[in-house]
1. Can you work out which of the residues in the stretch 1-17 that are free of Cβ contacts under 8 Å to residues at least 60 places away in the same chain and assigned to a strand (DSSP E or B) is nearest to Ile136 (Cα to Cα)?
2. Would you mind telling me which numbered condition in (1) among the basic types (Lys, Arg); (2) touching a residue at least 40 places away in the same chain (Cβ under 8 Å); (3) not in a helix (DSSP H, G or I) Arg80 fails?
3. Among (1) open to solvent by less than 60 Å² (accessible area, probe 1.4 Å); (2) within 26 Å of Ile136 (Cβ to Cβ); (3) in contact with a strand residue (DSSP E or B) (Cβ under 7 Å, 6 or more places away or on another chain), where does Trp68 come up short?
4. Restricting to the stretch 87-113, what's the tally of residues that are out of contact with any Gly (no Cβ under 9 Å at 6 or more places or on another chain), in a helix (DSSP H, G or I) and either modelled with pLDDT under 95 or acidic (Asp, Glu) (or both)?
5. Just need a number here: residues in the stretch 117-139 that are assigned to a helix (DSSP H, G or I) and either on the phi > 0 side of the Ramachandran plot or surrounded by 10 or more Cβ atoms within 10 Å (Cβ to Cβ) (or both).
6. All but one of (1) open to solvent by less than 40 Å² (accessible area, probe 1.4 Å); (2) under 16 Å from Met103 (Cα atoms) hold for Ser86; which doesn't?
7. Quick one: how many residues across the stretch 18-62 are open to solvent by 30 Å² or more (accessible area, probe 1.4 Å) and in a helix (DSSP H, G or I)?
8. Name, by its number, the condition in (1) more than 20 Å from Leu44 (Cα to Cα); (2) loosely packed, with under 10 Cβ neighbours inside 10 Å that does not hold for Gly99.
Amino acid sequence: MHIRAYQNPDEAAVVALWQYCDLTRPWNDPYKDIARKLQVRPDLFLVGEVHGLVMATAMFGYEGHRGWVNYLAVAPEHQRQGHAKSLMQHGELLLLASGCPKMSLLVRAGNTSVVSFYQALGYQEDVVVCLGKRLIPDH
């Protein structure tokens, strides 16, 4: 897998991958999420490709206090080959180079296989309550 920064021609393939991996939700427009990410540290929006085809993504962020990852996706036919781990390691190095002291992420409740994946990478559960408030509705 070749890891590189997202480019505008990747948009359709990225959204299709997110849909294929069941990452999209009706209240989040993936096209708007991409446009928003491109306004803030687009260098942290990574894609993985094999033979020139996008088959993985990870959208990292850092606001000066903590790093985050969203939209980590690997096409099912490419899973369990170390691609997600490689994307995470690449993103962590980019965040570390930015001075980021800690990385956080959210996993949907009940998604135990994803929790296990992150635990294998050294992530530990933080006992917190996640609250959210939609400031701009997508729909």
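The values are calculated or read from the model by the stated rules, or taken from the named source; none is laboratory data. This structure is a prediction, so every number in the text was calculated from the model and none was measured. All Cβ positions, glycine included, derive from the backbone under ideal geometry; neighbour counts span all protein chains shown. Calculation scope for accessible area: heavy atoms of the full protein, side chains included, ligands and nucleic acids excluded. Shrake-Rupley method; radii C 1.70, N 1.55, O 1.52, S 1.80 Å.
1. The first filter runs over the stretch 1-17 and keeps only residues free of Cβ contacts under 8 Å to residues at least 60 places away in the same chain, leaving 2, 4-17.
From what's left, assigned to a strand (DSSP E or B): 2, 4-5.
Values: His2: 34, Arg4: 30, Ala5: 26 Å.
Here the answer is Ala5.
2. (2)
3. Here Trp68 clears every test but (1).
4. So the answer is 2.
5. Of the residues in the stretch 117-139, 3 are assigned to a helix (DSSP H, G or I) and either on the phi > 0 side of the Ramachandran plot or surrounded by 10 or more Cβ atoms within 10 Å (Cβ to Cβ) (or both).
6. (1)
7. Total meeting the criteria: 8.
8. (1)
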